[in-house]
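Here is the structure we will look at, set down as structure tokens.
The values are calculated or read from the model by the stated rules, or taken from the named source; none is laboratory data. Please read these numbers as outputs of a predicted model, since none were measured by experiment. Positions of Cβ are backbone-derived with ideal geometry, glycine not excepted, and every protein chain shown enters the neighbour counts.
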Amino acid sequence: MGSITSKMLKIIIMSLFVATIIIVILYVILLNLFIYQEKEKAKIVTNIAFSTKYSQMMHHYISFNEIIKMYKKNSNIDFKIYSLLKNKNLSKDSFFKKLKKEKETYKINLNYLKYYKVIELKKSCLKCHGKVRRNFMSCGGITKMKNKLVGFKKGDIIGFVETKVPVKKSFIYFNFSFIVAIIFLLLALIATLYAFSDFAKLLKKNINILLEFFDTRVSKGIYETLKIKMDFIEFEKLKESINKAVNAIKYYRDEMIKRYYYNHITNLPNRMKLFDDMKTTDKNSLAILNINKFREVNDYLSQEMGDLIIKEVAKRLVNIADGDVYHVNIDEFAILLNDNRCEKNCGYIKKIINKLEQPYIIKNNEINLFFRAGIGSRKEKDVFKVADIAIEYAKRKKRKCLCFCEIKDLAQSFERNQKILNMIEKALREDRIIPYFQPIIDNKTQKIVKYEALIRMIGEDGKVYSPEFFLDVAKSVNIYKNLTLIVFQKTLNIFKNREEEISLNLSLEDFEDENIKEKIYNLIKDFPNPQKITIELLENEDIASDASILNYLTKLKKLGVKIFIDDFGSGYSNFSYLFKFEIDGLKIDGSLIKNILTDKKSQMIVETMVEFAKKGNIVTVAEFVENKKIFEYIKKLGIDYSQGYYFSPPKPLI
């Protein structure tokens, strides 16, 4: 890649080089043509001389030497005869031998062109040279006798003639004419190059105009049309095309900015615009206003009505708010506030909410909306997140507006949960979610008959985290089901070759995901002995009333799986629940077992449960058996199995 000037210079040099080659070739062609013409001239003169010779000799008996003298006298052409008649050794000459084959040839230098032609006997020549005899010839009245070399036949070559034509003047004239022609051509070339140079300057000027336009305008995001008049029609058309492109870019840039920074329903600046503006604004607080249960409006009245309502809310909010208004979500608006005082900001936002909650008339329908607001201070690290937390907490507290200063502890809790979530996600990626196992003891034999699989998370430093630390966070972000599946896969893989039974937990969240339910079912179905598997369900009213859960548990029982109720007696305690699911066993809540030695209520509840379970042929398990006294007491009550730290804490199996 090079500049236009360098490209043009290359073109000029190449043009001169090509022109020089053409001139040299042309000179060679014309020179050959000139030599050919001179040779033809010599050939014609030679043929005329021969014709003259024969004619004169036949009628006047004039010798060839006399004819040569006559030509020399009347012209500048000279002839020489090289004959076997006079030089018998001529036949040995190499030039003559070569000439005999070619019949004619020529040589040229700066002064002369020498044309050579063989002398070939014709029929008329045989009168003198055909046989041996003595002839008497009369010439000018005097009788002479000459000896003639005879014995030739027609077509024999007896010598050659050299015609010497002077070419110096003609050659000088030829070169002079050629030089004059070259001079004229060079002048024409110079004029062309000058015109080309002028054209190149204009071309460069127009290109520089375009380059400057792109460098100083387009590249800096200034999309203005180019108005300078160009010197060529082609550049004018290019300018028009560029202007069209610039206008199109400007239009699409504005459209992209509008789409990127503005909500397409209300045309208010959106969440992205808010984030950008917060980087430069000096306003101190941010308020987020949320329309309560707005999704239900869309569901009942149609999305079209929902859009009309949002537009009306936006118009009203813009008219009553002092600060900049943003449409940050489908049902959320934000306002940047100047003040940093919680009470003043809350009072101001409550006044706005009161006006926003006045009825809206949409297509002759009166629509009533209700709002919540959260306010965050710009002093906080993530003011948007803070305001969002405040609005969620306002909904929980049934308050119209809450400021961050009122919920600092909750915000810290959110931050902690975020850290825990990051730990869970990394542990999943690095396969640090594992099952621990706590033994379940037969109270009669005091031998381990079963293990309960309990989830644990291993930290990067090797620390073991129990589910109380991370399970609630996992449930809140919908990754709990992945943890359940990992525990099932790893546990069943460990126990496929063991004799003990294994107990695993399923919660309401697990039953909500059809994909997880299907995978768990397939894992159990592929297990060598599904009869050794126990599923523990948390006692829950939602589980008890869900027909799909009942159907799923029925499928598992058909495989031979046992169903136990976990933490029975902790809350719901509906005894019909046990028979509805055809429960095989129940685990008595640990809070009852821990206090059973001192709390008469716990003793009474546990005794009732055991008695009821025995009548229903249901197995009982006591959790949180922490010492020997508790163990001895529950044995007397007739509880079948025990589980707790008295026997072993949860730990990996060796």
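What to note about this one:
- Among the candidates ASP324, ASP282, residue that is modelled with pLDDT of 80 or more and out of contact with any helix residue (DSSP H, G or I) (no Cβ under 6 Å at 6 or more places or on another chain): ASP324
- The numbered conditions (1) touching a helix residue (DSSP H, G or I) at 6+ places or on another chain (Cβ under 9 Å); (2) at pLDDT below 90 are all true for LYS615 except (1).
- Residues in the stretch 594-622 that are among the hydroxyl-bearing types (Ser, Thr, Tyr) and assigned to a loop (DSSP other than H, G, I, E, B): THR598 alone.
- If the condition is being of a type in the set (S, T, N, Q) and at pLDDT 95 or above, then the stretch 411-442 contributes only GLN438.
- Restricting attention to the stretch 467-494, the residues that are in contact with a Leu (Cβ under 9 Å, 6 or more places away or on another chain) and in contact (Cβ under 8 Å) with a residue 24 or more places away in the chain add up to 18.
- Among all residues of the stretch 288-309, there is none that is in contact (Cβ under 8 Å) with a residue 40 or more places away in the chain, assigned to a strand (DSSP E or B) and among the aromatic types (Phe, Trp, Tyr).
- Within the stretch 354-374, if we keep just the residues that are in a loop (DSSP other than H, G, I, E, B) and at pLDDT below 85, the residue that is farthest from ILE310 (Cα to Cα) turns out to be ASN364.
- Number of the condition not met by SER591 [criteria: (1) at pLDDT below 90; (2) polar (S, T, N, Q); (3) in a loop (DSSP other than H, G, I, E, B)]: (3)
- Whenever a residue of the stretch 518-537 is farther than 24 Å from ILE618 by Cα, its partners that are in a strand (DSSP E or B), lying with C-beta atoms within less than 8 angstrom and at least six residues away or across chains, give the pairs ILE520/LEU506; PHE527/ILE533.
- Here LEU508 does not fit the description of being surrounded by 14 or more Cβ atoms within 10 Å (Cβ to Cβ), at pLDDT 95 or above and assigned by TED's automatic domain parsing to the domain that holds PHE564.
- Qualifying positions in the stretch 249-274 - more than 28 Å from the chain's Cα centre (by Cα) and loosely packed, with under 15 Cβ neighbours inside 10 Å: HIS264, ILE265, ASN267
- Of all residues in the stretch 218-248, those being of a type in the set (A, V, I, L, M), at pLDDT 80 or above, surrounded by 14 or more Cβ atoms within 10 Å (Cβ to Cβ) and part of a helix (DSSP H, G or I) number 3.
- Close pairs (7 angstrom Cβ cut-off, 6 or more residues apart or separate chains): assigned by TED's automatic domain parsing to the domain that holds ILE516 in the stretch 540-551, modelled with pLDDT under 65 and of a type outside the set (A, V, I, L, M, F, W, C) anywhere: ASN540/TYR572; GLU541/TYR572; ALA544/ASN574; ALA544/TYR577
- Residues of the stretch 427-459 that are among the charged types (D, E, K, R) and in a helix (DSSP H, G or I): ARG429 alone.
- Residue that is surrounded by the fewest Cβ atoms within 10 Å (Cβ to Cβ), among those in the stretch 168-189 that are of a type in the set (Phe, Trp, Tyr) and under 30 Å from ASP78 (Cα atoms): PHE176
- Complete set of residues in the stretch 626-643 that are part of a loop (DSSP other than H, G, I, E, B) and free of Cβ contacts under 8 Å to residues at least 40 places away in the same chain: GLU626, ASN627, GLY638
- VAL328 falls short on exactly one of the conditions (1) surrounded by 14 or more Cβ atoms within 10 Å (Cβ to Cβ); (2) under 14 Å from ILE375 (Cα atoms), and that condition is (2).
- Residue match in the stretch 557-570 (condition: assigned to a loop (DSSP other than H, G, I, E, B), surrounded by 15 or more Cβ atoms within 10 Å (Cβ to Cβ) and modelled with pLDDT of 90 or more): yes
- Residue that is assigned by TED's automatic domain parsing to the domain that holds ASP331 and of a type in the set (Val, Ile, Thr), where the choices are VAL297, VAL218, VAL246, VAL180: VAL297
Listed here are the residues, each with its yes/no results for (1) touching a Pro at 6+ places or on another chain (Cβ under 9 Å); (2) assigned to a loop (DSSP other than H, G, I, E, B); (3) crowded, with 18+ Cβ neighbours inside 10 Å.
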{"residue": "ARG416", "(1), (2), (3)": "no, no, no"}
{"residue": "GLU425", "(1), (2), (3)": "no, no, no"}
{"residue": "PHE469", "(1), (2), (3)": "no, no, no"}
{"residue": "ASN482", "(1), (2), (3)": "no, no, no"}
{"residue": "VAL487", "(1), (2), (3)": "yes, no, yes"}
{"residue": "GLU499", "(1), (2), (3)": "no, yes, no"}
{"residue": "SER503", "(1), (2), (3)": "no, no, yes"}
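Results for (1) exposed (fewer than 12 other Cβ atoms within 10 Å of the Cβ); (2) aromatic (Phe, Trp, Tyr); (3) at pLDDT 85 or above; (4) in contact with a His (Cβ under 7 Å, 6 or more places away or on another chain), shown as yes or no for each residue.
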site	(1), (2), (3), (4)
LYS101	yes, no, yes, no
THR105	no, no, yes, no
ASN109	yes, no, yes, no
TYR112	no, yes, yes, no
VAL118	no, no, yes, no
CYS128	no, no, no, no
VAL132	yes, no, no, no
SER138	yes, no, no, no
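- Residue ID - modelled with the highest pLDDT, chosen from residues in the stretch 149-167 that are surrounded by fewer than 18 Cβ atoms within 10 Å (Cβ to Cβ) and on the phi > 0 side of the Ramachandran plot: GLY155
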